[in-house]
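Okay, structure first, notes after.
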Amino acid sequence: MTGPRMTEEALAEASQVCERIMDAVGRAFVGNRLLLRKVLAASLANGHILFEDYPGLGKTLLAKAFARVIGCGYTRVQFTPDLLPADILGSRVWRQRDGAFDLVKGPVFTNVLLADEVNRAPPKTQSALLEAMEERQVTIDGETHRLALPFLVLATQNPIEQEGTYPLPEAQMDRFMFKLSTGYPGSLEMESEILNRRIAWKQDDPTNELAAAVEPGQFVGLQEVVEQAIYVDPSILEYISRIIRATREHGKVEIGSSPRGGLALLKASRALALIHGRDFVVPDDVKGMAVDALAHRLILRTEVVLEGGQEAEVIEEVVRGISAPTELKDRPHL
Ligand SMILES: Nc1ncnc2c1ncn2[C@@H]1O[C@H](COP(=O)(O)OP(=O)(O)OP(=O)(O)O)[C@@H](O)[C@H]1O
Ligand SMILES: [Mg+2]
């Protein structure tokens, strides 16, 4: 494949729409651009996101604001210890009048599902999400139903040391494209800005007033571009493969990344390329996404964990240890 796969104008426009989405989210959520870019990249790559951080750091706010801004339908489910699978999926109920069963669809039939405090529900309920997340379909009483497009799960949780929580099973962790943390406000200015906005908002939830920043269907259109029109050179594929394999061979690692981790890194890198207004992936896209796409898939050796070793550090080490391609076949001058 040679030559441009998108016109310059189409690329510039796509990248502007991305900026518009991030600007709009930033009007509710005070945070750095890098975090917003990551949220956007995973969503454009059709990936689910797990936000993990301590209470009160804006996880719910960010997820809600994002769902609003991309102009898609969304539902929110507060996960609690007594939440049942049917509370998420829905169930079939007998209608006396019609003499037949009727499907009452649960909150999973939406575009963006906010699974708030996902680790507060027991494993059975968490795994009801599994089929939906991976296959974008659900089975209710033996009948399979396809979910809408896009279908994104934005889940939030407090770190697992917190009381009264059920850590997500590893199979479920792997189904999230990214695990992100919102973090504390990065500066005194940001801290004050949160307070300032509260004075202007008069209420704690500013997302009700947020309007969509894109036309209907535009977000799905961008997802299609990411999937179909962003060139990935063979040297980039090899680079990603080397990173994935190195996570399995690293001395501190008990279990390395799954191939699904490699796919997540590939998809997110393509999305990041589009956000930057490029129709081809460069090694920096891959580097920029590696920690968020891979760290949550690693299981470190027990002694490493006891010494305070972090998955993110291991991924950084892995990436540092692998030389990036310096030339793309299709774009010889990087
Ligand atoms: N970065 C931020 N920008 C703007 N408002 C913020 C930010 N962080 C927190 N807030 C405000 O603080 C309050 C708590 O935020 P939020 O409910 O989103 O936290 P959370 O991370 O979901 O907490 P929990 O884990 O307890 O559910 C909200 O009123 C929110 O508007
Ligand atoms: Mg919350």
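Readers should treat all values here as calculations from the given coordinates under stated rules, not as data from a laboratory. Worth saying up front: this structure is predicted, and the values here are computed from it rather than measured. Backbone-built Cβ (ideal geometry, glycine too); neighbour counts: all protein chains shown.
For the stretch 198-334, a/c is not less than 1.5, where a ≥ b ≥ c are the root eigenvalues of the C-alpha gyration tensor, and a/b does not top b/c. That puts it in the oblate class.
The local environment of I140, defined by Cβ-Cβ distances under 11 Å, has a net charge of -1 under the rule Lys, Arg +1 and Asp, Glu -1. Taking each residue as 0.36 nm, the span from L306 to V104 lengthens on full extension beyond its C-alpha to C-alpha distance by 68.0 nm. If the segment from R97 to D82 were pulled out straight at 0.36 nm per residue, it would be longer than the present Cα-Cα gap by 2.3 nm.
Bridges between two residues of the stretch 1-209, per DSSP, are antiparallel at a rate of about 40%. Angle between the Cα long axis of helix 259-275 and the longest principal axis of the chain, 0 to 90 degrees, nearest 10? So the inclination is approximately 80 degrees. Principal-axis analysis of the Cα atoms of the chain puts helix 8-26 at an angle of about 50° to the longest axis.
Computed extension length for E209-E238: 5.9 nm, one decimal, from 0.36 nm per residue of separation with the Cα-Cα distance subtracted.
Rounded to the nearest 20, the Cβ-based charge dipole of the stretch 39-95 about its Cα centre (Lys and Arg +1, Asp and Glu -1) stands at 320 debye. With a cut-off of 15 Å between beta carbons, the residues surrounding V319 carry a summed charge of -2, where Lys and Arg count +1 and Asp and Glu -1. As a test of the formula, what do you get for the chain when each DSSP H run with n ≥ 4 contributes -39,500 (n - 2.57) and the sum is divided by the residue count, at 222 nm and rounded to the nearest 500 deg cm²/dmol? For the chain, the value works out to -14000 deg cm²/dmol.
In this simple spin-label approximation, R146 and E317 carry label points 7 Å from Cα along the Cα→Cβ vector, and these lie 4.6 nm apart. Taking Cα atoms only, the orientation of helix 218-228 departs from the longest principal axis of the chain by about 50 degrees. The alpha carbon gyration tensor of the chain gives principal lengths a ≥ b ≥ c with a/c below 1.5, which makes the shape rounded.
Would you look at the GNM of the chain, springs on alpha carbons closer than 10 Å, and say which of D205, D102, D233 moves the most? Of the options given, D102 has the highest mean-square fluctuation.
Specify the inter-centroid distance of the stretch 161-196 and the stretch 78-139, based on alpha-carbon positions, in whole Å. After rounding, the separation between the Cα centres reads 24 Å. Applying a DSSP loop filter and a limit of 13 other Cβ atoms within 10 Å to the GluC sites (Glu not before Pro) in the stretch 152-188 leaves E161, E163.
Largest mean-square fluctuation among I244, I49, I194, in a Gaussian network model of the chain whose springs join Cα atoms under 10 Å apart, belongs to I194. V304 sits among other residues whose Cβ lies under 13 Å from its own Cβ, and their net charge, with Lys and Arg +1 and Asp and Glu -1, is -4.
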